Amino acid sequence: MSAEAEPLEAMPAYVTELFGDRTALAQRYAGHLATTGVEWGLIGPREVPRIWTRHILNCAVLAELLEAGDEVGDIGSGAGLPGLALALARPDVSFVLVEIMERRVEWLQMVVDDLGVENVRIVRARVEELVDEEMFTVVTARAVKSLSTLIEWTVPVLAPEGRILAIKGERAPEEAEKAAKLIRKRRLEGPVFHRLGSEHLDVPTTVVELRRR
Ligand SMILES: C[S@@+](CC[C@H](N)C(=O)[O-])C[C@H]1O[C@@H](n2cnc3c(N)ncnc32)[C@H](O)[C@@H]1O
C-alpha cells in the first residue's frame, strides 16, 4: 500500500476541547503531517491512521502544564511534536522549535508559514550549542534520547525555576531512577510524574517534570 493510501484518522471530538478556535489550524497541521510529512520522511506512513491520538493529542495534552508567558524550547522537534501542537493549543505561550536536521527544519518552516502562527520560532541547531544564545522557562521533548542526556543538554539553557517536561512512555519511573544521581547533581527538584489525557486517550501521555532550583 502506498503512503498516500493510508487514511487519515477521523478527528476526535477532544480536539476542539484542546484547540478551541484554533481547531481549524490543528486540522491543517494534521493534513500536513499526513501528506508532506510522510513524503518528506518526517513521519512514517503507518502513523497516518493515528495522527491525532498518538501524535497531535498525545503532545497537545501538555498544554495544561504550561503557564501564560512561558518561553518554551522544544528540543528535537522533528515534525513539531510536541512544540508545534502545543503552540497551536497555547497562543499565549512562545515556542522555539530546536531541530538539527536541515530537511526537518525546512519542513517545519514551510508548515509554520502556511499556518501563519506567530508564537513559534524555528532554530536549526544542536541544543548543546545554544548556551548563551537561548534561555527557556520550559523545555519540552518527546522521543529524544534518555532523560539523563536530556538533562545534560538542557539544564544550561534552562532559566532559574525553569522546568523540563519530558514525554516518556511507561518506563518513565525507570528512566528517572537511572537519572536520580544526575537530578541531584544538577540541583533539580522532582521527578513529578503526570498522566495526561486519560479520559480521552487509550494510551495516556506520561510526562516527567523536573524543576531547576
Ligand atoms: C526520534 S526524533 C523525535 C521527533 C519528535 N520530537 C517526535 O516526537 O516525533 C528525534 C529528533 O531529535 C533531533 N535531534 C537529535 N539530537 C539533537 C540535538 N542534539 N539537538 C537538536 N535536535 C536533535 C533529531 O534530528 C530528530 O528530529
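A few remarks follow.
- Distant alpha-carbon pairs in the stretch 9-108 (separation over 21 angstrom), percent: 29
- Using a probe of 1.4 angstrom and keeping all protein chains present, the accessible surface of the stretch 3-212 works out to 47 square angstrom per residue.
- Projected onto planes of every orientation and averaged, the convex hull of the alpha-carbon atoms in the stretch 3-212 covers 10.7 nm².
- Most mobile listed residue (Gly162, Gly190, Gly80) in the chain, GNM with C-alpha springs under 10 Å: Gly190
- Helical runs (DSSP H, four residues minimum) scored at -39500 (n - 2.57) apiece and divided by the length of the chain put the mean residue ellipticity at 222 nm at -8000 deg cm²/dmol.
- Simple Cβ-charge dipole of the stretch 107-180, Lys/Arg +1 and Asp/Glu -1, about Cα centre, in debye nearest 20: 240
- In the chain, taking the dipole from charged Cβ atoms about the Cα centre, the farthest positive-side position among Thr23, Ala166, Ser77 is held by Ala166.
- Summed residue charge, Cβ within 11 Å of Glu134's Cβ, Lys/Arg positive, Asp/Glu negative: -3
- Around the Cα centre of the chain, unit charges on the Cβ atoms of Lys, Arg, Asp and Glu (plus for the first two, minus for the last two) sum to a dipole of about 840 debye.
- Dipole-positive endmost among Val127, Met110, Gly37 within the stretch 3-212 (Cβ charges, Cα centre): Val127
- The stretch 102-213 - convex hull of the alpha-carbon atoms, volume per residue in Å³: 131
- Result for the chain in a Gaussian network model with C-alpha springs under 10 Å: among Ala26, Ala89, Ala13, the largest mean-square fluctuation is at Ala13.
- Note on the chain: with neighbouring protein chains present and a 1.4 Å probe, carbon and sulfur make up 47 percent of its accessible heavy-atom surface.
The values are calculated or read from the model by the stated rules, or taken from the named source; none is laboratory data. All of these numbers come straight from a predicted model, not from anything done at the bench. Reconstructed Cβ throughout: ideal geometry from the backbone, glycine too, with neighbour counts over all protein chains shown. To get the accessible areas, we keep the full protein, side chains included, count just its heavy atoms, and leave off ligands, DNA and RNA. Shrake-Rupley method; radii C 1.70, N 1.55, O 1.52, S 1.80 Å.
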